[in-house]
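Visitor: Take this structure first; my questions come after.
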Amino acid sequence: MDSRPVYEQNRAALEKRNPGLVAALDAEPAEGVELVPGPRGGTSLREAGVLLGSAYDPGRDGERLAAQMAEAPADILVALGFGLGEQLEAFAERRPETLIVYEPSLARLKAALCRLPIAKLLKTHRDIHLTADLDQFTAILAARYVPGLCIRVFPHPAVLRLDPAGVAAAVERTKRIKDATDTRISTSVSQLMPWAFITAANGRRIARSAHFGRTSGLFAGKPAVVAAAGPSLDKQLPLLRAHRDRVVVIAIGQTLKALRQAGIEPDLVHVLESKDVSQQLTGAGDTRQLIVALTPDAHPAIYDVPARAVFTATTGGSPMGGWIAKATGESRFTMGGGTVAQGAVGLAVMMGCNPILLIGQDLAFTDGRAYAQGSAYDFVQVELAEDGTCALTEMNQKASLINDPSRLTTRDRVSKGRIVWVDGWNEGERVPTWRAYASFIEQYREIGLGLARRGYQLVNCTEGGARIPMVDHRPFREMLEALPDERLEARRRLLAVHDEAPRSTLADYAEAIRAAHRRLDELEKEILRARRFEREMRERLAFARGEQQQIELLRGIARCEKKLREQLERAPWLDALVQPEIYAAMAEQRRRERRESSLEDLAQESRFLIEAAGNGVERARQWFACFESSFADGCERGEASAAAAGASAVERAGAGETGERVLAAGVASRETGPSLAHP
């Protein structure tokens, strides 16, 4: 029996899981929360006249709360408020799902941890998470939620009375995390296959460009400015021009025209769009002296814009782009992002720039506008209606600039749904935005936190629009005037790296292609074995007698599945051609009425994997054929229709119903997702 005081027992258990919380609790005096003895020997806690639980029978009260928490199934339960804590163990015995407990008051939490021992609960239930910090709560939830999972929120009744604002903030944060993850993952996963085949058709172009990884550390400790296309960009351009030579200027495609009109030639222009948005460059004037950084799956027409230097910036999240880079020995990849501006931040990080200053990153509708004056889409207007909805106008004109016939039927006025009010750049201010932009704000939260851990300073100098959590906010003039008076000569140094970089031919990929085909041959054999074994086990499962025999058969299927997964893990580049099908199938299953998983459901999941892997092998063979053909003479015309060629290639490879549904929707814009709006 542990003879230490209750708090010391809990503290020791918590310190292994959350040392930051322990440090905060140690510094908390826990004033204002009193221990209340009950008539039957039990105790409760009271704050501002409100009991946190029954003093008469705390255990029974905890059972009652646990029953309410477990009323409906969920994959993740967010409990807002710790209360007395009696309900936690009772809930864990009822439900196996992830439990995240957010208590907004350190005083209440410390008082409860002095009263109730939970060390054993924390030791035996590894998927229970306790925090009193809203940003840490955000990180915990974001790390565990994936699209398709069910999140339930349960506010503790006493905490709801004591701190309704704190509860409301946590509910709003939960919703925004879910929306951000759904937007990012659902769009990117569904588009992995189309993007993969665009990458294959770009093979020769990528081989002739310089890999952006060669710029690693080029501007270590030097400042960079990322110019996004939000409405507040206008007021910052005169300041940027005055200090232009002291920073590395990175523009996104939409802002090139605006920067040039202000007399600023960017050092680097970043484009990642898989649609033909080459007009963002050509519409801004002569392109022949530009230095551009394109992702492997950028539309071929963008690669073909005449430029002085072309870099291919491969992100760590690009499976097939990563294969191409690794085949020629490259191991340095950018962090990428959900938007082109976030991708530009990744370029700055690769080059070692620090600090990184954001301008034009409104992520909100500033002064009734969505884009900066002079930017590629400055004609788009925002309408905010009295009923709380918003819409963008002039969308036909925007669609006409993208050479895609499927977009030309876009309505001139497009509704964007409900207005979302978020914290503004100016503290205490609330500004209007919409769901997509709000999700990008949450993505920046993760980026800001990750960069801070690596010692990078990301500063939002937009001075308008939304406030970005986990990112510093400073006036642009203040940041610029504090910089060293040093000419960086960024253009000259970038060109030197570009011109010295080796270029590749198809022969340089030959050994990697042979190795990939050998891996596909091995995987194909494993898939055939898995199909035979799974079919046999399924037939036996139908006639199994007793639960123990059923469990043994399922264990056999699980072992077979494990072998197949091990083979897939040896070819991570296959993710782009396998994961979308698995994701779509699992999402479809989750859309059905939620119920406890049956034996048939578990067996069905194995079939998903086996069939998706088989289809993925066929797609991979077609992908390599497409990649090799991109190097053939006279292939320019075919490459110019890479998106259509990619879709056709997937269909010929037997994408199946899931893949066809993905491709039928067309290739989504990564500047904003499917909606054609941009942050």
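The values are calculated or read from the model by the stated rules, or taken from the named source; none is laboratory data. These figures come from a predicted structure and were not determined experimentally. Backbone-built Cβ (ideal geometry, glycine too); neighbour counts: all protein chains shown.
Visitor: Between a first residue in segment 87-103 that is closer than 11 Å to Leu77 by Cα and a second residue that is in a helix (DSSP H, G or I) and basic (Lys, Arg), which pairs have beta carbons less than 6 Å apart while being 6 or more apart in sequence or on different chains?
Guide: Thr98/Arg144
Visitor: Could you look through segment 342-368, keep only residues that are at pLDDT 95 or above and in contact with an Asp or Glu (Cβ under 9 Å, 6 or more places away or on another chain), and pick out the one that is surrounded by the most Cβ atoms within 10 Å (Cβ to Cβ)?
Guide: Across segment 342-368, the extreme among qualifying residues is Gly360.
Visitor: For Asp276, are the conditions met, namely being within 15 Å of Cys461 (Cβ to Cβ) and not aliphatic (A, V, I, L, M)?
Guide: No, not satisfied.
Visitor: Please enumerate the residues belonging to segment 401-438 that are at pLDDT 75 or above and in contact with a Leu (Cβ under 7 Å, 6 or more places away or on another chain).
Guide: Ile419, Pro432, Thr433, Tyr437
Visitor: I would also like to ask the following. If you take the residues in segment 74-113 that are more than 26 Å from Ala165 (Cβ to Cβ) and over 26 Å from the mean Cα position of the chain (by Cα), which one is modelled with the lowest pLDDT?
Guide: Pro96
Visitor: Which helices (runs of 4 or more DSSP H) does segment 59-167 wholly contain that include 1 or more residues that are of a type in the set (Ser, Thr, Tyr)?
Guide: Answer list for segment 59-167: 119-124, 134-144.
Visitor: Tell me which residues, restricted to segment 306-335, are within 18 Å of Ile250 (Cα to Cα) and either of a type in the set (Val, Ile, Thr) or in contact (Cβ under 8 Å) with a residue 40 or more places away in the chain (or both).
Guide: Once the filter is applied, which keeps residues that are within 18 Å of Ile250 (Cα to Cα) and either of a type in the set (Val, Ile, Thr) or in contact (Cβ under 8 Å) with a residue 40 or more places away in the chain (or both), segment 306-335 yields Arg308, Ala309, Val310, Phe311, Thr312, Ala313, Thr314, Thr315, Phe333, Thr334, Met335.
Visitor: Could you list, in sequence order, all residues of segment 17-34 that are in contact with a Leu (Cβ under 8 Å, 6 or more places away or on another chain) and part of a helix (DSSP H, G or I)?
Guide: Once the filter is applied, which keeps residues that are in contact with a Leu (Cβ under 8 Å, 6 or more places away or on another chain) and part of a helix (DSSP H, G or I), segment 17-34 yields Arg17, Leu21, Val22, Ala24, Leu25.
Visitor: Those residues that are within 14 Å of the chain's Cα centre (by Cα) and among the β-branched types (Val, Ile, Thr), I need them from segment 329-344; list them, please.
Guide: Thr339, Val340
Visitor: Kindly list, by first and then second residue, each pair from a residue in segment 23-45 that is within 21 Å of Leu162 (Cα to Cα) to a residue that is hydroxyl-bearing (Ser, Thr, Tyr), limited to pairs with Cβ atoms under 6 Å and residues at least 6 apart or on different chains.
Guide: Leu35/Thr43; Val36/Ser44; Pro37/Thr43
Visitor: Determine which single condition Ile582 fails, assuming it passes every other condition in (1) over 15 Å from Gly148 (Cα atoms); (2) modelled with pLDDT of 65 or more; (3) among the aliphatic types (A, V, I, L, M).
Guide: (1)
Visitor: Can you confirm whether segment 315-325 contains a residue that is surrounded by 24 or more Cβ atoms within 10 Å (Cβ to Cβ) and among the aliphatic types (A, V, I, L, M)?
Guide: There is at least one residue in segment 315-325 that is surrounded by 24 or more Cβ atoms within 10 Å (Cβ to Cβ) and among the aliphatic types (A, V, I, L, M).
Visitor: Would you mind stating whether Arg241 is assigned to a helix (DSSP H, G or I), assigned by TED's automatic domain parsing to the domain that holds Val340 and closer than 23 Å to Asp378 by Cβ?
Guide: yes
Visitor: Out of contact with any Cys (no Cβ under 6 Å at 6 or more places or on another chain), crowded, with 20+ Cβ neighbours inside 10 Å and under 30 Å from Asp245 (Cα atoms): is that true of Leu458 in this structure?
Guide: yes
Visitor: Name the residue that is modelled with the lowest pLDDT, counting only residues in segment 326-341 that are over 18 Å from Thr215 (Cα atoms) and surrounded by fewer than 24 Cβ atoms within 10 Å (Cβ to Cβ).
Guide: Once the filter is applied, the top-ranked residue is Gly337.
Visitor: Out of all the residues in segment 413-431, which are in contact (Cβ under 8 Å) with a residue 40 or more places away in the chain and closer than 15 Å to Glu172 by Cα?
Guide: Passing the criteria: Val422, Asp423.
Visitor: Turning to a different aspect of this structure: Is one or more of the residues making up segment 314-329 over 24 Å from Arg619 (Cα atoms) and β-branched (Val, Ile, Thr)?
Guide: Looking through segment 314-329, none of the residues is over 24 Å from Arg619 (Cα atoms) and β-branched (Val, Ile, Thr).
Visitor: Checking Asp508 against (1) of a type in the set (D, E, K, R); (2) farther than 19 Å from Ile250 by Cβ; (3) free of Cβ contacts under 8 Å to residues at least 40 places away in the same chain: exactly one of these is not met. Which one?
Guide: (3)
Visitor: Also, quick follow-up: With respect to Ala576, determine if the residue is surrounded by 11 or more Cβ atoms within 10 Å (Cβ to Cβ), at pLDDT 75 or above and under 29 Å from Ile185 (Cβ atoms).
Guide: yes
Visitor: Here is a check on your reading of the model: is Arg204 under 30 Å from Arg246 (Cα atoms), part of a helix (DSSP H, G or I) and among the charged types (D, E, K, R)?
Guide: no
Visitor: Now for a different question. Taking only pairs six or more apart or across chains, which ones have beta-carbon atoms under 6 Å, a first residue in segment 255-271 that is over 17 Å from Glu489 (Cα atoms), and a second residue that is crowded, with 24+ Cβ neighbours inside 10 Å and among the hydroxyl-bearing types (Ser, Thr, Tyr)?
Guide: So the pair list comes out as Thr255/Ser375; Ala258/Ser375.
Visitor: Out of the residues in segment 373-401 that are aliphatic (A, V, I, L, M) and within 25 Å of Phe311 (Cβ to Cβ), which is surrounded by the fewest Cβ atoms within 10 Å (Cβ to Cβ)?
Guide: Looking at the filtered set, the residue picked out is Leu401.
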